[in-house]
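See below for the structure under consideration.
The values are calculated or read from the model by the stated rules, or taken from the named source; none is laboratory data. All values reported here derive from a predicted model rather than from experimental measurement. Every residue, glycine among them, receives a Cβ derived from its backbone with ideal geometry; neighbour counts consider all protein chains shown. Side chains are part of the model used for accessible areas, which takes the heavy atoms of the whole protein and leaves out ligands, DNA and RNA. Shrake-Rupley method; radii C 1.70, N 1.55, O 1.52, S 1.80 Å.
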There are 2 protein chains.
Amino acid sequence: MANADCVGVRVLSLNCWGIRYLSKLCSQRYQMIAEMLCKEEHDIVLLQEVWSEKDYLYLKKKLASSHPHSHYFKSGVIGSGLAIFSKHRIHDPFLYRYSLNGYPYMAHHGDWFGGKAVGMAILNIGGLIANIYVTHLHAEYCREKDTYLAHRVVQAWELQQFIRHTSAGADVVILGGDLNMHPQDLGNRLLRSYTGLRDSYLEAAQFDGCENGITLIADNPFISKKELIPFEKGIRIDYILFKGTSKTNIYCDFMSTTKGSVPDHPFPYSDHEALTAQLRLKSSVAAEAGGDKQPTAQDSPAGKLAELVDIVTEARTEVKVGLHCAERMRYTAARTGVMGLVLLFLELAIAAVPCFALGPEQPFPRTSFYLLAALCFAILLSTTLLYIFYTMELKALQGAEDQMRLAVGSLQEKLRGFPSGPPHNAPLRPPEGEKPNALEPEE
Amino acid sequence: MANADCVGVRVLSLNCWGIRYLSKLCSQRYQMIAEMLCKEEHDIVLLQEVWSEKDYLYLKKKLASSHPHSHYFKSGVIGSGLAIFSKHRIHDPFLYRYSLNGYPYMAHHGDWFGGKAVGMAILNIGGLIANIYVTHLHAEYCREKDTYLAHRVVQAWELQQFIRHTSAGADVVILGGDLNMHPQDLGNRLLRSYTGLRDSYLEAAQFDGCENGITLIADNPFISKKELIPFEKGIRIDYILFKGTSKTNIYCDFMSTTKGSVPDHPFPYSDHEALTAQLRLKSSVAAEAGGDKQPTAQDSPAGKLAELVDIVTEARTEVKVGLHCAERMRYTAARTGVMGLVLLFLELAIAAVPCFALGPEQPFPRTSFYLLAALCFAILLSTTLLYIFYTMELKALQGAEDQMRLAVGSLQEKLRGFPSGPPHNAPLRPPEGEKPNALEPEE
């Protein structure tokens, strides 16, 4: 345990928008980022969208003296894009890849190829064990009709699971990253309620940055304003969250974001703003008795538990919607595959019956014949692959839904243990489409 | 903390070999398994290869009174095959999918479709928090030329990471499953050394079962003896491992395995034997002072640390071999793809030049022409998919290798902190093919 009473930690989080050859002014921006990091000397730097390892190695070289320790998390086809730079030695990095992360055929969105994940590292800061997490969730391309909502909710679910399960031995927990969720979005509420993580923007004693803490601002030259509609000024989707334990208090003294422009440079660091939080860790054995303990969902008062039941139920409903969608897509793939097969058999039947066979004198039908056969094969192959993919998506969604059902059961049981049942609107009957007798008391 | 001094826990682990329509006598065997589990009333039942959810639901129904709590872990295309049945309420189940798990085109081996993973559940046993893990690693199809060795080593690496990171809050840790590794195999040593998990077969005060604790025996009618060569009697690849903490001691009083035949039945439960461990948990605050503390790698004496450095270095070498192999495979895929593309361009060139064009009077060449075009497309498509797959494999292998390098560095640093450096044969120079200056001190 720390012998110092207070330890200060400065944390930066930035989505670097580092798609080589596609992101604008990529290398110039990395140069600016490296300069800024060297100068600012944050204790912990959490980066996202460092898609190229070469860029990570460039930063590593540039930050060799200011941040001697670093780790780059590899995942997916082009890497998770996650990197940690630190003044403190990085122990035991560990990566959790989300089970769902978009669709490979949505290549223009690219998320699937990124292998989105949450990276974790353990640091020893002034004798305190700090679990540091960096993550980047699936992007939201259309808020009105968000086809990735179920995936992002499952990612938020797995993120909270991962943080809760891996942080039991930690004195403090810090999570930074691009969550691609607005402050009151379902996944965000799920994450914060379940883990007890606190938002540094809301907790900061002092704040200097964009209005409402937005991190994707309309004034950014790399952003098309159209994408932000109806949020005129911008949105807040990047976060630094934190929590202490019964033995350690953690405070956010100051928080800032960049405001688009960078002094002496014609363009900003990225399409996202960088976040900096000045945290103060205070280790005290007596803190347990103090009023500053950060409770997690496990030992929350009844009101919070009831709220959590509502949130998990809401998440479960969203996952169920995703399940129906995935089932429909799988069904469509199967049906199309069967149609391809039938077409192929028809063709083979035509070829087998000589009177229907197309003579060499008819060049056009013969061409069509082979083209059709090729088409059939292409349909069969692609629908088979899609069927396999959708089955995996279904399994992952079902798995998350099972765990959420179990969680609601556990929370409700805890809630029943409270002397006076608080009013809350959590549905005690199982959500629609569920056989009530298949639910309880098992699982 | 427990107020009872001792708590007994009976744990069963069984690979059920439950591939519907392929595994022999599947439903009859599930019936036998359900009967046995009902009768024996183990506290915790850890099952693997329950590939069909229908079979899980069958067991759930049958065990409703003996094991009211259960969880089925869903993953991959056909499910992870992992299930937990318990007398104690299951809290917070969590699944970690291994980043590597064979190849989808090796469909006859099937491992990839299973989405191998480690499932975790938290139980409260007599006031003690028990973290229960169930897993099934990639099978070994040929011991002499094991093409999946790197994948299995990475799985063992991720398994030990997952257990260490998630068990900080646990009083006891129990892992059961089919590790597909012999007791002295690299992955097994890695797992046990790093986590401090102890083998119930080796630790049991009393043992009743097959010779040498083997769990895949030559006498089993479902096994072809040929597969076991050169191990005449059989091999030990299923395990129940456990460890306590500074606050809780754990002992294995008795261990048993089934011995192939089942009384009153003409065939055994599965192609694997079932393992049962009778564990005794003893919670005592004073235990820390006792000699029975189970140290993990983190606080081991120098000799153990040195051994661990050797093991991680060995694992790293194995991962590097896997890396070279994956690189070669990706290169082959790329080369074949380019050849397919060149062939396609050649064809198009032929079609474009009328003097080379094949007239309608030559039916055979025209047929060949279209067949060749279809072949080119098929080559292009499959090599593209393979290239993507191998890139993902490479990323995962590189990620594991990075983490292992970091781990060796951390361990060696710890080792240097010991007053008298013990003799050990860990190579302090980086393994071959490594730029020494790329290693230290970063990462």
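Using a cutoff of 8 angstrom between alpha carbon atoms and counting only pairs six or more residues apart, the relative contact order for segment A:1-118 works out to 22 percent.
For chain B, the longest principal axis of the C-alpha atoms and the axis of helix B:363-416 are separated by about 30°.
Between the listed residues A:MET36, B:PHE222, B:THR245, the Cα displaced farthest toward the positive end of the dipole of the protein assembly as shown, a dipole computed from Cβ unit charges relative to the Cα centre, is found at B:PHE222. In summary, the aspartates and glutamates within cross-link reach of B:LYS395, defined as a Cα separation below 14 angstrom excluding same-chain residues under 8 places away, comprise A:GLU53, B:GLU327. Here the mean projected area of the convex hull built on the C-alpha positions of the protein assembly as shown is 42.8 nm². Expressed in Å, the radius of gyration and Dmax of the Cα atoms of segment B:1-93 are 13.9, 49. By how many degrees, 0 to 90 and rounded to 10, does the Cα axis of helix A:149-166 deviate from the longest principal axis of chain A? The answer is roughly 40 degrees.
Relative contact order, whole percent, for chain B stands at 14, derived from Cα pairs under 8 Å and 6 or more residues apart. Radius of gyration over Kirkwood radius for segment A:158-261, both on Cα atoms: the Rg/Rh ratio is 1.01.
Rounded to the nearest 20, the Cβ-based charge dipole of segment A:58-145 about its Cα centre (Lys and Arg +1, Asp and Glu -1) stands at 320 debye.
Taking only the C-alpha atoms of segment A:85-233, Rg followed by Dmax gives 16.6, 48 Å. Distances between equivalent label points of A:CYS6 across the copies, with each point positioned 7 Å along Cα→Cβ, amount to 5.3 nm, shortest listed first.
Accessible surface of A:ILE33, taken over heavy atoms with a 1.4 Å probe and every protein chain present, rounds to 0 Å².
Here segment A:220-264 and segment A:95-148 have alpha carbon centers that stand 17 Å from each other. Each Lys and Arg adds +1 at its Cβ and each Asp and Glu adds -1 at its Cβ; summed about the Cα centre, the protein assembly as shown shows a dipole of about 420 debye. Compute the acute angle (0 to 90°) between the alpha-carbon long axis of helix A:53-62 and the principal axis of greatest extent of the alpha-carbon atoms of chain A; round to the nearest 10°. Taking the Cα atoms of chain A, the angle to A:53-62 is about 20 degrees. Averaged over residues, the count of other Cβ atoms within 10 Å places the peptides B:254-265, B:44-55 in the sequence B:44-55, B:254-265, highest first. Shortest first, A:ILE19 label-point distances to identical copies amount to 4.1 nm, with the label point at 7 Å from Cα along Cα→Cβ. Treating each Cα of chain B as one equal point scatterer and applying the Debye formula with no solvent, the log10 of I(q)/I(0) at q = 0.11, 0.13 Å⁻¹ comes out as -0.90, -1.18. Calculated mean residue ellipticity at 222 nm for chain A: -13000 deg cm²/dmol, from DSSP H runs with n ≥ 4 weighted as -39500 (n - 2.57), summed, divided by the residue count and rounded to 500. In this Cβ point-charge picture (+1 for Lys and Arg, -1 for Asp and Glu), chain A has a dipole of about 560 debye about its Cα centre. Seen from A:GLY114, the other residues with C-beta closer than 12 Å to its C-beta sum to a net charge of +1, counting Lys and Arg as +1 and Asp and Glu as -1. In terms of the mean number of neighbouring beta-carbon atoms within 10 Å, the peptides B:320-326, B:393-399 order highest first as B:393-399, B:320-326. Shielding value for B:118-124 is 1, the average number of Cβ atoms from other chains within 10 Å of each residue's Cβ. Quick one: label points 7 angstrom along Cα→Cβ at B:PRO221, distances to the other copies in nm, smallest first? Nearest to farthest, the other copies are at 7.9 nm.
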